[in-house]
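Written below as structure tokens is the structure these notes are about.
Since every read-out is calculated from the coordinates, none of them should be taken as a lab result. These numbers were taken from a predicted model, which means no experiment stands behind them. When we count neighbours, we look across all protein chains shown, and the Cβ atoms used for this are built from the backbone with ideal geometry, even at glycine.
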Amino acid sequence: MPADSILYTETRIGKLTLKNRIAVAPMTRISATEDGRATDDMVRYYARFARGGYGLVITEGAYPDVRHSQGYLYQPGIANDEQAEAWRQVVDAVHAEGAKIFIQLMHAGALSQGNHWQESGIAPSAVQPVGEQLGFYRGEGAYPMPRAIAPDEIRQLIADFAAAAVRARAAGFDGVEIHGANGYLLDQFLTSYTNQREDQYGGATENRVRLLVEVSEAVRRAVGPDYPVGIRISQGKVNDFHHKWAKGEEDARVIFGSLGRTGLDFIHVTEHDATEPAFGGGPTLAELAKRHGGLPVIANGKLGDHDKAAAFVEAGHADVITLGKAALANPDWPKRVAMEEELADFDSGVLMPLAHIKESER
Ligand SMILES: Cc1cc2nc3c(=O)[nH]c(=O)nc-3n(C[C@H](O)[C@H](O)[C@H](O)COP(=O)(O)O)c2cc1C
């Protein structure tokens, strides 16, 4: 009986108790106002997942500052008090339906396709991103050439992440997730081919993970010891799906080991399929995160089948699972699965021609 499975048992992330282990993955839906305030559509969209039984909702990536972090036009931010205030309605609606909610803090770096506030396009190094801009987020053609971020801007960016986390806590969010994955700024630092710096942030893996460590530590210091904070890590990127860490498990040891010592409460790993080996054989990325990070692990990637996801958690590879496309198709996945009702297949049409929240999702 699915309803009796481990997915429907309580678990803890830091001091926070989740009623089950089924969470919504962060998904950018470009449905905020032009200046990045959450809208009524977003309130209804997020409340729907909470009503559907998910124990935790992780929001789409919100930009932390009104400098270079915004990635997409109509993306929400948490960069000023107006934006934080607008999120409060989302938080309250999700809480009213009995779920917890984390906000994802995302700096797009070189993958920025639109910024309401300033010219964007900063990166660890002036390396043009591979791949093409995302059409469903209003992008077209190649990514522009970014400029390398200066040392004083790095200090500012760390402070901006910390300030955004403090705003998130004040707005009522139950925790924050730092976006260190999918090819965005922090992952650009982690990735050897986009990071060609010769200072302490470039070179060996220990150096390339340094900014992620410093952001994690700064956020932790800013919000205090008891507030849930985690980071999302991936190998693949929105503009380079098949990227793998060059040193395989050795990189995993350094990356997860370093992050595990920063005072974070969880590591969220995402792979194309969470249950497949990270490096062509051997352990999954989630197992490596657990082994070397020593923290609760949230796993993502093709976990929309109940038995597959439950077996993965049962085996101790992850503590919580997040659903992306399966959640879009089934905003009530936890309830449906518990009642043994049939699940809907994901229809990519819901993200076309643009990825904004559709009438049917409110
Ligand atoms: C429309 C859409 C938007 C996404 N936006 C984000 C995002 O803002 N932040 C993030 O970390 N991942 C984002 N992702 C990736 C998902 O969180 C997830 O990793 C991916 O969908 C794979 O998981 P799945 O197999 O359960 O769908 C997005 C995915 C989709 C489909």
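Just a few scattered comments:
- Theoretical FRET efficiency, 1/(1+(r/R0)^6), r = Cβ-Cβ of GLU340 and GLU249, R0 56 Å, to 0.05: 0.90
- Taking N as the residue count of the chain, its C-alpha radius of gyration divided by 2.2 N^0.38 Å amounts to 0.91.
- Estimated vicinal HN-Hα couplings, Hz - the stretch 70-84 in sequence order (Karplus 6.51, -1.76, 1.60; Gly, Pro = x): 4, x, 9, 4, 6, 7, x, x, 9, 9, 8, 5, 4, 5, 4
- The distance linking the stretch 222-239 with the stretch 54-83 is 14 Å (Cα centroid to Cα centroid, whole angstrom).
- Full extension of the chain segment joining ARG155 with ASP81 gains 24.5 nm, where the gain is 0.36 nm per residue of separation less the Cα-Cα distance.
- What the phi angles of the stretch 164-176 give under the Karplus curve with 6.51, -1.76 and 1.60, with θ = phi - 60°, is a coupling list of 5, 5, 5, 5, 4, 4, 5, 7, x, 4, 7, x, 10 Hz, glycine and proline written as x.
- With N counted as the residues of the stretch 145-268, its alpha-carbon radius of gyration over 2.2 N^0.38 Å works out to 1.03.
- With neighbours defined as other Cβ atoms within 10 Å of a residue's Cβ, the residues ILE178, ILE6 order from fewest to most as ILE6, ILE178.
- Those trypsin sites (Lys or Arg not before Pro) in the stretch 1-100 that DSSP places in a loop and that have at most 16 other beta carbons within 10 Å: LYS15
- Here the chain carries DSSP beta bridges of which approximately 15% are antiparallel, counting only pairs with both residues inside.
- Potential lengthening between ARG221 and PHE241 on full extension [0.36 nm per residue; Cα-Cα distance subtracted]: 3.9 nm
- Here the contact order of the chain, divided by its residue count and restricted to Cα pairs under 8 Å and six or more residues apart, works out to 18 percent.
- Equivalent-ellipsoid semi-axes of the stretch 200-330, from the Cα gyration tensor, Å, largest first: 24, 18, 14
- Along principal axes, Cα extents of the stretch 1-114, largest first, whole Å: 48, 27, 25
- Per-residue 3J(HN,Hα) values for the stretch 331-339, derived from phi via the Karplus relation 6.51 cos²θ - 1.76 cosθ + 1.60 with θ = phi - 60°, read x, 10, 3, x, 6, 4, 5, 4, 8 Hz in sequence order (x marks Gly and Pro).
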